[in-house]
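Chemist: Dropping the structure in here first, questions after.
The values are calculated or read from the model by the stated rules, or taken from the named source; none is laboratory data. Predicted model only: the values in this text are computed from it and were never measured. Cβ coordinates were reconstructed from backbone atoms using ideal geometry, including for glycine residues, and neighbour counts include every protein chain displayed. Ligands, DNA and RNA are stripped out before the accessible areas are found, and what is left, the full protein with its side chains, is counted by its heavy atoms. Shrake-Rupley method; radii C 1.70, N 1.55, O 1.52, S 1.80 Å.
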Amino acid sequence: MKKTNSNLPILLLFFTGIFLFFIFCIFTTEFNCADRIWNFQNIYKMHQGALIYTNNNVIITPLFFFLGNLLFHLFGANLFVYDAYGIIIYMAKFTLLFAIFKKLKQKNFLSTLYTSIWLILDSSYLSNSANYNQLALVFSLIGIFCYLSSYPKKSYHLIQGFLLFLIFFTKQTTGIYYAFGILLFELICPESRQNFFQSQLLKLASFLPCTLFTCIILYWQGNFTDFINLCFGSILEFGTSNQIFSWSDIKYIFLLSFIIGFSTFVIKSENVSNSIKIHTKFLLCLSLGMTFNMYPLLNGYHINMAMFFYYITFIYIIDQLLISEIFTAKQHTTISLIISFGILLALFIRVGFAYFTNYIHLQHFDKNHPFYNTAIASENKEKINTITNYIKTKNATGTQVIVLSYEAASYMIPLNLNNNELDLATCGNLGYHGIQNTIQKISNMKHTEFLIFTEEDDCFYQESKEIRNYILTHLKKTDELLNYSIYINE
């Protein structure tokens, strides 16, 4: 008689709890014009017929947006479907994280513990909903799982080449960092050095045809030139214009340095088994590559992306060399279950408190609105209505209105208007020589009104000061609307 897995009901309960937590967190996120709305706007424009690069200023490779557009065609183009896309990505991420811990020979309930600990660290960023960064991490986790399952077979290199294509075309820089980590491992690992060039050819055998096919599609759509300009021509300007560093984040640099040193010590130690050393080498090399995700935006979100791989590396070493040796199977099962479900309960209490103190007092967009089901403060909803009504009135008289602020998506999405790069004219989002080209474009837009924040302190830090100064010095101020000043290019 076939033996049933007695752990399965508990594992199903654990992942059901994570799933419900994602639903609760993401679907109750209050409306805020940031990454969630900007990425939604890009996919929404595509669904309305805009080309991803030619009629849009997307600076990221297209896979995340293509998949989102497919979901919009299948289930409807609104923020509710977009948030469901985010839940799918996060569920895939945490399921793969658990599967990797299991593949690293960690016990079922220790794996749930390690997964739930990372859930604490990720919970602050769930409000971003669907995001190309998280989708790139999902494909990277599949790469780790592939290594644990098939390295060093030939099929491993073919699969890694295809995964490199998926990562690169989800976010180009993350694809480069992932490739760096994989190549570094194969250069320093004696088992890989003998067939190093043959292995890379196998990766290219799957990477290049997929890349060529995607480029042909972009060319056929009329997107290819703008794809190159925005995804690669913007990199230098983005890196030099948007650097963030706070001395309060230096502690993370020390933490990463400690894990690197600790991992190196384990690799060099004579008392550690060869399999642990090889796995540690792979995880460390990949972590080193992914460290560059912190640049140039050294903020909490991008530090979290880099820390993710160091966390897997550190947990693997600690589990193999310490936890499994100290605790008996019964002890770590009991402790892991108590802590894992305790973490889930604490997280539910935290979001529940936010729900009853804030969310239930918010308004919601109705089913026919692109922002369907999203909670919003009454004053913010009133602001959207005021500005969209103003734009509609002006458009009826033949005057185009451009909102040059990070909030532009809040108004353009409900109006089904697309002003291309002017809907998010931030540094590094405008292609090669983007700021100068945008100023030239504005100078040629006669009889057009431009709304900019009256107070510079209201501006998002990535907004171009050069564009703002051009508006202030070369255009005529005609009026004010809420916290915006209205300028016209006569």
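Chemist: Identify, from the list Leu236, Leu208, Leu230, Leu218, the residue that is within 24 Å of Ala425 (Cβ to Cβ) and open to solvent by 80 Å² or more (accessible area, probe 1.4 Å).
Modeler: Details: Leu208 fails: within 24 Å of Ala425 (Cβ to Cβ); Leu230 fails: open to solvent by 80 Å² or more (accessible area, probe 1.4 Å); Leu218 fails: open to solvent by 80 Å² or more (accessible area, probe 1.4 Å).
Exactly one residue qualifies, and that residue is Leu236.
Chemist: Give all pairs with beta carbons closer than 7 Å in which a residue from the range 370-387 that is under 12 Å from Tyr411 (Cβ atoms) meets a residue that is among the β-branched types (Val, Ile, Thr); count only pairs at least 6 apart in sequence or on separate chains.
Modeler: Pro370/Ile413
Chemist: Let me spell it out: the conditions are (1) touching a residue at least 60 places away in the same chain (Cβ under 8 Å); (2) within 30 Å of Ile10 (Cβ to Cβ), and Leu141 meets all of them except one. Which number is the exception?
Modeler: (1)
Chemist: Right, another one. Might you let me know whether the range 212-235 holds any residue that is part of a helix (DSSP H, G or I), farther than 30 Å from Lys465 by Cβ and in contact with a Cys (Cβ under 7 Å, 6 or more places away or on another chain)?
Modeler: Just the residues of the range 212-235 that are part of a helix (DSSP H, G or I), to begin with: 212-221, 224-233, 235.
Adding the requirement that they be farther than 30 Å from Lys465 by Cβ leaves 212-221, 224.
Remaining after also requiring in contact with a Cys (Cβ under 7 Å, 6 or more places away or on another chain): 224.
Scanning the range 212-235 turns up at least one residue that is part of a helix (DSSP H, G or I), farther than 30 Å from Lys465 by Cβ and in contact with a Cys (Cβ under 7 Å, 6 or more places away or on another chain).
Chemist: While we're here: Could you run through the range 183-205 and say how many residues are outside any helix (DSSP H, G or I) and surrounded by 15 or more Cβ atoms within 10 Å (Cβ to Cβ)?
Modeler: 2
Chemist: Kindly check whether there is at least one residue in the range 413-424 that is touching a residue at least 60 places away in the same chain (Cβ under 8 Å), closer than 27 Å to Phe72 by Cα and surrounded by fewer than 13 Cβ atoms within 10 Å (Cβ to Cβ).
Modeler: Yes, the range 413-424 contains at least one residue that is touching a residue at least 60 places away in the same chain (Cβ under 8 Å), closer than 27 Å to Phe72 by Cα and surrounded by fewer than 13 Cβ atoms within 10 Å (Cβ to Cβ).
Chemist: Within the range 394-490, considering only helices (runs of 4 or more DSSP H) that don't extend past its boundaries, which have at least 2 residues that are in contact with a Ser or Thr (Cβ under 8 Å, 6 or more places away or on another chain) and modelled with pLDDT under 90?
Modeler: Working: elements: 408-415, 434-443, 465-474.
Passing ranges, in order: 434-443.
Chemist: Let me ask something additional. Does Phe180 count as buried (at least 16 other Cβ atoms within 10 Å of the Cβ), more than 21 Å from the chain's Cα centre (by Cα) and within 29 Å of Leu297 (Cα to Cα)? Reasoning before the result, please.
Modeler: Working: buried (at least 16 other Cβ atoms within 10 Å of the Cβ): yes; more than 21 Å from the chain's Cα centre (by Cα): no; within 29 Å of Leu297 (Cα to Cα): yes.
Answer is no for this residue.
Chemist: Taking the range 161-177, which residues are more than 13 Å from Leu141 (Cβ to Cβ), assigned to a helix (DSSP H, G or I) and open to solvent by 20 Å² or more (accessible area, probe 1.4 Å)?
Modeler: As a first pass, look at the range 161-177 and keep what is more than 13 Å from Leu141 (Cβ to Cβ): 161-162, 164-165, 168-169, 171-173, 175-177.
Applying the additional criterion that residues be assigned to a helix (DSSP H, G or I) yields 161-162, 164-165, 168, 172-173, 175-177.
Within the range 161-177, Phe162, Leu164, Phe165, Phe168, Thr173, Ile176, Tyr177 meet the criteria.
Chemist: Six or more apart or on different chains, Cβ atoms under 7 Å: show the pairs whose first residue is in the range 65-93 and basic (Lys, Arg) and whose second is in a helix (DSSP H, G or I).
Modeler: What qualifies is Lys93/Gln134; Lys93/Leu137; Lys93/Val138; Lys93/Leu141.
Chemist: So, of the residues in the range 104-119 that are open to solvent by less than 10 Å² (accessible area, probe 1.4 Å) and outside any helix (DSSP H, G or I), which turns out to be nearest to Phe14 (Cα to Cα)? Quick ask: steps written out before the conclusion?
Modeler: Going residue by residue through the range 104-119, those that are open to solvent by less than 10 Å² (accessible area, probe 1.4 Å) are 104, 106, 110-112, 114-116, 118-119.
Next, from what is left, pick out any that are outside any helix (DSSP H, G or I): 104, 106.
On the way: Leu104: 20, Gln106: 17 Å.
Here the answer is Gln106.
Chemist: Another question, if that's okay. Take Lys93 and decide whether it is open to solvent by 20 Å² or more (accessible area, probe 1.4 Å), touching a helix residue (DSSP H, G or I) at 6+ places or on another chain (Cβ under 7 Å) and not acidic (Asp, Glu). Write out each step before concluding.
Modeler: On the way: open to solvent by 20 Å² or more (accessible area, probe 1.4 Å): no; touching a helix residue (DSSP H, G or I) at 6+ places or on another chain (Cβ under 7 Å): yes; not acidic (Asp, Glu): yes.
The answer is no for Lys93.
Chemist: Assuming Asp122 fulfils every condition listed in (1) open to solvent by less than 10 Å² (accessible area, probe 1.4 Å); (2) in contact with a helix residue (DSSP H, G or I) (Cβ under 6 Å, 6 or more places away or on another chain) apart from one, which condition is it?
Modeler: The one condition Asp122 does not meet is (2).
Chemist: A further question on this structure: Just one of (1) under 25 Å from the mean Cα position of the chain (by Cα); (2) surrounded by fewer than 16 Cβ atoms within 10 Å (Cβ to Cβ); (3) not in a helix (DSSP H, G or I) trips up Lys367, so point out which.
Modeler: (1)
Chemist: Can you name every residue in the range 269-298 that is polar (S, T, N, Q), open to solvent by 20 Å² or more (accessible area, probe 1.4 Å) and either part of a helix (DSSP H, G or I) or at positive phi (or both)?
Modeler: Answer for the range 269-298, where residues must be polar (S, T, N, Q), open to solvent by 20 Å² or more (accessible area, probe 1.4 Å) and either part of a helix (DSSP H, G or I) or at positive phi (or both): Asn274, Ser275, Thr291.
Chemist: Only one residue in Phe22, Phe72 is open to solvent by less than 50 Å² (accessible area, probe 1.4 Å) and within 23 Å of Ala408 (Cβ to Cβ), so which one is that?
Modeler: On inspection, the qualifying residue turns out to be Phe72.
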